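Asks: Before I ask anything, here is the structure I am working with.
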Amino acid sequence: MNKTLLIKNIGILQTPIGSESHRGEKQGENIKMNDAAILIEDGIIKEITENGQLPSGAENADTVIDAEGNLVTPGLVEGHTHLVFGGYRQNEIPLKLAGATYLDILKAGGGILDTVRKTREASFEELYEKSEAFLDEMLALGVTTCEAKSGYGLDLETELKMLNVVKALDRNHPVDMVPTFMGAHAIPEEYKGRADEFIDLLCNQMMPEVKKQGLAEFCDIFCEDSVFDVAQSKRYLLKAKELGFGLKIHADEIEEIGGSELAGEVGAISAEHLIAAGEKGLASMAAGGTTAMLLPATSFYLGKTFAPARRMIELGIPVAIASDFNPGSCPSLNLQFAINLGYLRYKLTPEEILTAVTINPACAIGRGERVGTLEVGKQGDLVIWDAPNMEMLCYRFGSNLAMQVIKKGILV
Ligand code: NIG
Ligand code: FE
């Protein structure tokens with residue numbers, strides 16, 4: 001028996017169109033259908049109508065939801081998280097308030113390395129339960145697809161444990177998960193002063209094992225002053241490419257050391273952060289077709305400036321916005337807050353922002369064919385907002401405006 005869901009009385013149904021990332025002027029291209037309805041059958045969008053028309057077969061729908069004139073968009077696609085981790089790091093805040101920087105804390109063996117210790121100690125079950133609760137919260141905030149990185153193990157056993165948590169969540173939780181191996185997130189204490197040897201270990205042992213077990217689709221590295229330099233990042237990413245992974249790189253988050261240039265050069269699908277990215281790096285990304293995965297809540301939390309998003313759009317770089325949820329630089333998983341910051345700080349339009357939290361991140365995590373827009377044949381993932389239009393969603397902040405979240409045609 002086919003299961004059908006009808007959502008009717010949609011004030012505005014707003015969505016980008018297509019299965020490819022949108023850049024330049026296309027970043028702001030959304031279609032808006034008034035007085036719309038959508039029919040989902042067995043989790044897939046069957047028909048969309050507007051101007052008060054109902055889809056054929058609407059009268060036989062198993063479930064009917066009245067959107068009461070509100071805005072409907074595709075489910076949000078969260079393109080960058082560090083979802084799985086042991087412990088928290090609230091102890092760092094007084095240090096920061098006293099003047100210590102993010103990298104000062106990391107260099108002193110805290111920061112990511114502190115979370116590594118706690119994640120190594122945590123059991124699979126502990127990590128699973130904690131991450132599952134985060135995902136529940138994300139889903140309630142409108143996220144229906146989520147990328148998650150490893151990178152708090154920095155040894156094979158713990159990296160596999162983290163990736164297996166992501167795999168189990170993908171199986172059991174309504175949110176679809178996309179796993180990324182980020183073994184190169186920091187130099188572990190046992191490799192202090194031997195970053196090149198650690199890169200050897202990642203390339204020769206950990207990455208091939210992750211590939212063999214089919215536990216990740218992408219590889220990511222933290223290319224940063226006093227973490228991994230450009231040469232090390234290049235070696236790691238080229239090995240990942242050879243093994244068939246998609247490439248991601250945390251680039252120019254704090255210092256501009258050439259990460260965004262490398263991203264374009266190696267054909268990375270996305271470069272993350274880019275707060276300090278300069279013209280050369282941006283030109284390289286534009287040439288390489290690399291998506292800018294921007295993380296405005298991290299700028300906010302680190303007290304940094306905001307990435308040059310308008311310039312990126314001008315240069316034809318697809319822009320995506322994600323939360324960067326992690327226990328250090330952004331302990332918030334609220335993508336709606338990132339939407340507010342995208343509007344006020346990046347000065348993107350509501351249409352550009354919708355693209356940045358749907359189809360562009362979907363493409364940057366390899367899901368553009370399946371999710372990220374509301375079109376016939378795509379997955380029935382959508383949000384009914386407690387808002388009449390995108391402007392309201394961009395303007396209000398601090399409240400959860402996701403009223404009803406539909407995942408594969410089911411109200412969750
Ligand atoms: O994207 N910069 C590297 N990774 C994360 C932070 C991780 C952490 O501090 O635990 C980020 O900001
Ligand atoms: Fe990150």
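Asks: Convex hull over the Cα atoms of segment 256-361, averaged projected area in nm²?
Replies: Projected over every direction and averaged, the Cα hull of segment 256-361 covers 5.9 nm².
Asks: Which of the peptides 379-386, 204-211 is most tightly packed, and how do the rest follow, going by the mean number of other Cβ atoms within 10 Å of each residue?
Replies: Numbers: 379-386: 25.2, 204-211: 16.9.
Going by the mean number of other Cβ atoms within 10 Å, highest first, we get 379-386, 204-211.
Asks: Can I ask one more? What ranking, highest mean first, results for peptides 213-220, 10-17 when packing means the other Cβ atoms within 10 Å averaged over each residue?
Replies: 10-17, 213-220
Asks: Now, a different point. Would you mind checking the pairs K26/K107; K32/K304; K149/K408; K96/K149 and listing those with alpha carbons more than 30 angstrom apart? Write out the running numbers ahead of the final one.
Replies: Details: K26/K107 42 Å; K32/K304 35 Å; K149/K408 24 Å; K96/K149 25 Å.
The pairs that break the limit, which is 30 Å between Cα atoms, are K26/K107; K32/K304.
Asks: Where does helix 124-140 land angle-wise versus the long Cα axis of the chain, in degrees 0 to 90, nearest 10?
Replies: 40 degrees
Asks: Oh, and also: Treating the angle as unsigned and between 0 and 90°, give the value, to the nearest 10°, between the Cα long axis of helix 112-121 and the longest Cα principal axis of the chain.
Replies: Between the helix axis and the principal axis of the chain, the angle is about 80 degrees.
Asks: Among N360, A320, T290, which residue has its Cα positioned farthest towards the positive end of the charge dipole of the chain, with +1 placed on the Cβ of Lys and Arg, -1 on the Cβ of Asp and Glu, and the dipole taken about the Cα centre?
Replies: Comparing the listed Cα positions along the dipole, T290 ranks first.
Asks: Rounded to the nearest 500 deg cm²/dmol, what is the calculated helix-only ellipticity per residue at 222 nm for the chain, with -39500 (n - 2.57) per DSSP H run of length n ≥ 4?
Replies: Here the helix-only value at 222 nm equals -9500 deg cm²/dmol.
Asks: Which of rounded, prolate or oblate describes segment 235-302 when judged by the alpha-carbon gyration tensor and an a/c cut-off of 1.5?
Replies: Because a/c hits 1.5 or more and a/b exceeds b/c, segment 235-302 counts as prolate.
Asks: Right, another one. With both bridge residues required to lie in segment 184-255, what share of the DSSP beta bridges run antiparallel, to the nearest 5%?
Replies: Within segment 184-255, antiparallel bridges account for around 0 percent of the total.
Asks: A follow-up question, please. If you average the sequence gap of Cα pairs under 8 Å that are 6 or more apart and divide by the length of the chain, what percent do you get for the contact order?
Replies: 22 percent
Asks: Something else: Compute the long axis of helix 279-288 from its Cα atoms, compare it with the longest principal axis of the Cα atoms of the chain, and write down the angle in degrees, 0 to 90, nearest 10.
Replies: 60 degrees
Asks: Please pull out the direction-averaged projected area of segment 286-412, using the convex hull of its alpha-carbon atoms, in nm² to one decimal place.
Replies: Value for segment 286-412: 8.5 nm².
Asks: Mind jotting down a quarter of the surface of the convex hull over the alpha carbons of the chain, in square nanometres, one decimal?
Replies: Average of the hull's projected areas for the chain equals 18.5 nm².
Asks: While we're looking at this one, here's another question. Once all Cα-Cα distances of segment 355-412 are split into 5 Å bins that start at 0, what whole-number percent is in each one?
Replies: 4, 17, 21, 24, 21, 11, 1
Asks: Once you put a point 7 Å from the Cα of D170 and another 7 Å from the Cα of E369, both along the Cβ direction, what distance in nm separates them?
Replies: Output for this residue pair reads 1.5 nm.
Asks: Something else about it: For segment 169-262, what is Rg from Cα atoms divided by 2.2 N^0.38 Å, rounded to two decimals?
Replies: Relative to the rule-of-thumb radius for its length, segment 169-262 sits at 1.11.
Bear in mind that the values in this text are calculations on the coordinates, not laboratory data. None of the values given here were measured: they were computed from a predicted structure. A quick note on method: Cβ atoms are made from the backbone with ideal geometry, for glycine too, and the neighbour counts reach across all protein chains shown.
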